[in-house]
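The values are calculated or read from the model by the stated rules, or taken from the named source; none is laboratory data. Computed from a prediction, not measured in an experiment: that's the story for all the values here. Cβ atoms come from the backbone with ideal geometry, glycine included; neighbour counts cover every protein chain shown. Ligands, DNA and RNA are excluded from the accessible area calculation, which covers all protein heavy atoms including side chains. Shrake-Rupley method; radii C 1.70, N 1.55, O 1.52, S 1.80 Å.
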Amino acid sequence: MHPSPIKRTPGLLPRLLLFTSVALLLTVGPRLAYAQPLSVEIVEFDTTGFPTIRMAVQLWQDTTLFTSYSGVKFTVSENGRTQILQEMNCPADPDTRLSIALLIDRSGSMAERKVDGAIVNDPDTTKLRAAKAAVAAFVDRMGPSDEAGIFSFAWESGRIRGFSINQDFSKDKVLLKNSLVPISAGGGTWLWQAVLETLKRLDTRQGKKVLIVLTDGKSEKETRSVADVINEALQRKIPVYTVGLGEYVSATNLRAVAAATGGKYYYAKEVDSLSSIYDDIADEVLVDGCRITYVTDEPCWDGIVRNVVVEAFTRQQVIETDTAYHPENRLKPIRFSVADDITVEAGDTIVVPVFCEPVFNNGAFSFDVTLAYNWRLLNFQEVRTSNTRTENHQVQWDVLQPGVVRVYAPARPPAIQTPLLFNLVFDAVFVKDTNSTVLEFTSANYSEECPADVATEDGLIRLEPCITNYVLFTDSLSIKPAGSDLRLPLYLDPPPGNGDPVEIVVTVSYNSQLLRFTGFDETESVAAEISANVFPSGDGMVTIQMKGFLRGDRKLLGTLLFSVVDVPDSRVAIVTVENASVNTKCITTVQAHPLAVFIDGQCRKIASRRRAAFLSARPNPFNEQTLVHFVVPVDGRVRLRSITLSGVRVATYRDGWMRAGEYALPVAFDGISSGTFYLVLETGAGVDVKKIVMVK
């Protein structure tokens, strides 16, 4: 089949390397005609990744297939020239032919389907059901010496929901298929970290290793990248086969991983295709013998027939077989692409991989590309080449104008065989709405020994607004004698400021009959670093305004100063944050906690200062119910109640005459939301207070 011309059409995924149906001449040599105890056969020969050639070969002794290739070496030649082997993967353990990791996306989108153009949740999880069926059919095709592991992944609510080991490596097909049944969909797509976890587990196995990944979405909110996966798989020499399901996958990234590691990328537009895709993968990987990969030393599409000879060197003798293939006479297709649909939080640094395919080419190459982007959303910083194809190149870059960067390098051989050409580094500007920008190739040139036809594929970068949730609080429970001074520090967590402008406004109300505002202490606080203004109203309100550039990490905003009014009886004075705002480049919220100040009356003292007083709760924190222990020092009226931090009564447990003694009382908080409360015990000896925390 002749390929369609490769055009410069962003988003198009052109097939790179095809051969005419009549040009591929597969002429596997028979076993040696003369009496020979050993023979070698090519059972699979794949040229679709030209100039990368893949094959599967088997050794036979009479009619018995080899299961252990210890001490066997292979060489491959083309038209009489010995080729350099990129991979020779043979079974090391005669009891285990293949070790296969089957990784399944179980994110929430795997339970979605379209109905009349609208996305609805499918209670039968059509996608996941089809995926399970395809994987189960693959397991059924495994041989008795093959082992597999079933793994799945998702992400949920800002935390890792889990990389699940549904079934560790086993040769028991029933066990493997049963482990698929309980897998359910929910959460986001936590792709790359899951692939890395699976590679780590697969690397410990004895058979020929293969990883097969199925996903229906793009990786979300994780610190590991497609470049990390490529480097890890190359280091561990594990081929990764990727399967993208539906319209929302990042074909660029999945194709790059497969191409770099020696696997293949498959795309399923609908779930009906999954069964045939897993059948195709089974046809390729469930093969006895050795897998051999090499890059031809004649990588140009020159129309010349290549005669391939495979020699096997055993302890007994040297045996050989041959085949041939015929590339078309055409320009070599080269594709530059950018990692697709990257999501980053505003204000963060973003690393954008740029790929160049095909991967395997040992010859020197040079390139010169220019990319455009929205400079109002991205600030270009640098080009990074560590662990990329151009690590040993003298890569240079120029910012031609705001929003346009040129990256180029002289001709040199690749540092490592990976499609990752280099990384672009940007700082994402602060935005308060979701924005996106296309990273677009405006020009692309590539040069090597073969004439090239260059195509490009642009990428999309999404910027999510940064959101900071602040908590404004002060010290814990305060007990002050009447007529004393009171200091209430105000803390903001997390600490505001990283060199950016900030404006903070806090308005506090208080009981002016019990407390009198006397000032605001700025010592070692945020207020000491930026301009602060204090506006007391005289009627129980005070407002603090701060504005400027912060460069420290102080949580203390400042300290409110009060004097406590003389009162005869013990009282509770509530200090409430009426309004609090923190304005930065990000979207912000402020949660404020009020404070109850217990005033020790002149006549009736707070019992917590007396030896006879005792009040405790166990457990604390608790879930809905706790046991309160308390002491009544003298006969008389006793009141035991709970209040919120702002002084609002929650419940009264005892209110009446009681004899002196020790008591234990179970206290329930049914129908009350989780939070922090005070237990207040009032006896003839005074008032005792205990902070308690309920966590449901």
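Find, among the trypsin sites (Lys or Arg not before Pro) in segment 348-391, those assigned to loop by DSSP (not H, G, I, E, B) with at most 15 other beta-carbon atoms within 10 angstrom.
Arg376
Per residue, how much accessible surface does the chain expose to a 1.4 Å probe? Answer in Å², no decimals.
44
Among the complete DSSP H segments of the chain, which ones combine at least 20 Å of alpha-carbon extent along their axis with a mean Kyte-Doolittle hydropathy of -0.5 or more?
126-141
For the chain, with only Lys/Arg (+1) and Asp/Glu (-1) charged at the beta-carbon, what is the dipole magnitude about the Cα centre, in debye rounded to 20?
2300
What order, most packed first, do the peptides 182-189, 444-451 have when packing is the mean number of other Cβ atoms within 10 Å of each residue?
Ranking the peptides 182-189, 444-451 by packing returns 182-189, 444-451.
Lys and Arg at +1, Asp and Glu at -1: add these up for the other residues within a Cβ distance under 12 Å of Gly347 and post the number.
So the environment of Gly347 carries a net charge of -3.
What value in Å³ per residue do you get for the convex hull of the alpha-carbon atoms in the chain?
217
Over the chain, with every protein chain in place, what whole percent of the accessible area is carbon and sulfur at 1.4 Å, could you tell me?
Values: 14510 of 30570 Å².
That share works out to 47 percent.
Classify segment 208-289 as rounded, prolate or oblate from the Cα gyration tensor: take a ≥ b ≥ c as the square roots of its eigenvalues, call it rounded if a/c is under 1.5, otherwise prolate when a/b beats b/c and oblate if not.
Oblate, because a/c is 1.5 or more while a/b does not exceed b/c.
Please label the shape of segment 341-482 as rounded, prolate or oblate, based on the square roots a ≥ b ≥ c of the eigenvalues of the alpha-carbon gyration tensor (a/c under 1.5 means rounded; beyond that, a/b larger than b/c means prolate, else oblate).
prolate
Within segment 178-271, which trypsin sites (Lys or Arg not before Pro) sit in a loop by DSSP and count at most 16 neighbouring Cβ atoms inside 10 Å?
Lys221, Lys237, Lys269
Once all Cα-Cα distances of segment 512-560 are split into 5 Å bins that start at 0, what whole-number percent is in each one?
Per 5 Å bin, starting at zero, the Cα-Cα P(r) for segment 512-560 comes out as 5, 20, 29, 18, 14, 9, 4, 1 percent.
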